[in-house]
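One structure is given below, encoded as structure tokens.
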Amino acid sequence: MVLGVIGADCHAVGNKILERVFSEAGFNVVNLGVMVSQDEYIDAAIETGAEAIIVSSLYGHGEIDCQGFRERCVERGLENVILYVGGNLVVGKTPNEEIVTKFKSMGYDRVFTPDTPLEDCINFLKQDILGRRAEDGQNSQY
């Protein structure tokens, strides 16, 4: 999996926590750090054969930074990559359901608000990777 903080966001602490949690759960994590462009995520996913891209944003401008990401993945040959996004994704007080709907309509497979337990993220990622592998006729063991 490829992990990073998108756009001009330089919040590093949450990124390090995510790296540690996913690594301890058995995932091979390529952490790109902070201030990552969409193309940097995609380049890393192509280079490493990643099955998932995890986009984090904490400064509230995720809606702007994340637009067109799924389309860019498809253009670059990653139509089947699992695409997650999470964090403080919008500015202001927006209901979580509205945020989730907005980002799912942008092509993200799962959207995690700040109150989501990390265990849920791990379980969903394992489930989604196994499901995608089964769809593609690949090894369905994690």
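Is region 62-78 home to any residue that is surrounded by fewer than 18 Cβ atoms within 10 Å (Cβ to Cβ) and at positive phi?
Within region 62-78, one or more residues are surrounded by fewer than 18 Cβ atoms within 10 Å (Cβ to Cβ) and at positive phi.
Of all residues in region 39-69, which are more than 26 Å from GLY26 (Cβ to Cβ) and over 11 Å from the mean Cα position of the chain (by Cα)?
Within region 39-69, ASP39, TYR59, GLY60, HIS61, GLY62, GLU63, ILE64, ASP65, GLN67, GLY68 meet the criteria.
When only residues in region 11-42 that are of a type in the set (A, V, I, L, M) and not in a helix (DSSP H, G or I) count, which is surrounded by the fewest Cβ atoms within 10 Å (Cβ to Cβ)?
Of everything passing the filter in region 11-42, ALA12 is surrounded by the fewest Cβ atoms within 10 Å (Cβ to Cβ).
Considering each of ALA50, ALA45 in turn, give the residue that is part of a loop (DSSP other than H, G, I, E, B), surrounded by 16 or more Cβ atoms within 10 Å (Cβ to Cβ) and modelled with pLDDT of 90 or more.
From the options ALA50, ALA45, the qualifying one is ALA50.
Can you spot a residue in region 77-86 that is more than 13 Å from the chain's Cα centre (by Cα), of a type in the set (A, V, I, L, M, F, W, C) and over 23 Å from GLU40 (Cβ atoms)?
no
Across region 121-141, what is the number of residues that are part of a loop (DSSP other than H, G, I, E, B) and surrounded by 13 or more Cβ atoms within 10 Å (Cβ to Cβ)?
Residues flagged as part of a loop (DSSP other than H, G, I, E, B) and surrounded by 13 or more Cβ atoms within 10 Å (Cβ to Cβ) within region 121-141 amount to 1.
On the given criteria, is ARG110 surrounded by 13 or more Cβ atoms within 10 Å (Cβ to Cβ), closer than 20 Å to ASN15 by Cβ and of a type in the set (Lys, Arg)?
Considered against the rule, which asks whether it is surrounded by 13 or more Cβ atoms within 10 Å (Cβ to Cβ), closer than 20 Å to ASN15 by Cβ and of a type in the set (Lys, Arg), ARG110 comes out as yes.
Hey, does region 26-39 have a residue that's polar (S, T, N, Q), at pLDDT 95 or above and under 19 Å from ILE122 (Cα atoms)?
There is at least one residue in region 26-39 that is polar (S, T, N, Q), at pLDDT 95 or above and under 19 Å from ILE122 (Cα atoms).
Do we have any residue at all in region 19-32 that's touching a Gly at 6+ places or on another chain (Cβ under 6 Å) and over 18 Å from PRO117 (Cβ atoms)? Working first, answer last.
Going residue by residue through region 19-32, those that are touching a Gly at 6+ places or on another chain (Cβ under 6 Å) are 32.
Add one more test, that the residue is over 18 Å from PRO117 (Cβ atoms), and what stays is 32.
Looking for residues that are touching a Gly at 6+ places or on another chain (Cβ under 6 Å) and over 18 Å from PRO117 (Cβ atoms), one finds at least one in region 19-32, hence yes.
Go through the residues of region 98-120 one by one and say whether even a single one is touching a Leu at 6+ places or on another chain (Cβ under 7 Å), in a loop (DSSP other than H, G, I, E, B) and touching a residue at least 40 places away in the same chain (Cβ under 8 Å).
Yes, because at least one residue in region 98-120 is touching a Leu at 6+ places or on another chain (Cβ under 7 Å), in a loop (DSSP other than H, G, I, E, B) and touching a residue at least 40 places away in the same chain (Cβ under 8 Å).
The values are calculated or read from the model by the stated rules, or taken from the named source; none is laboratory data. Keep in mind it's a predicted model, so treat the numbers as computed, not measured. Cβ: placed from backbone, ideal geometry, glycine included. Neighbour counts: every protein chain shown.
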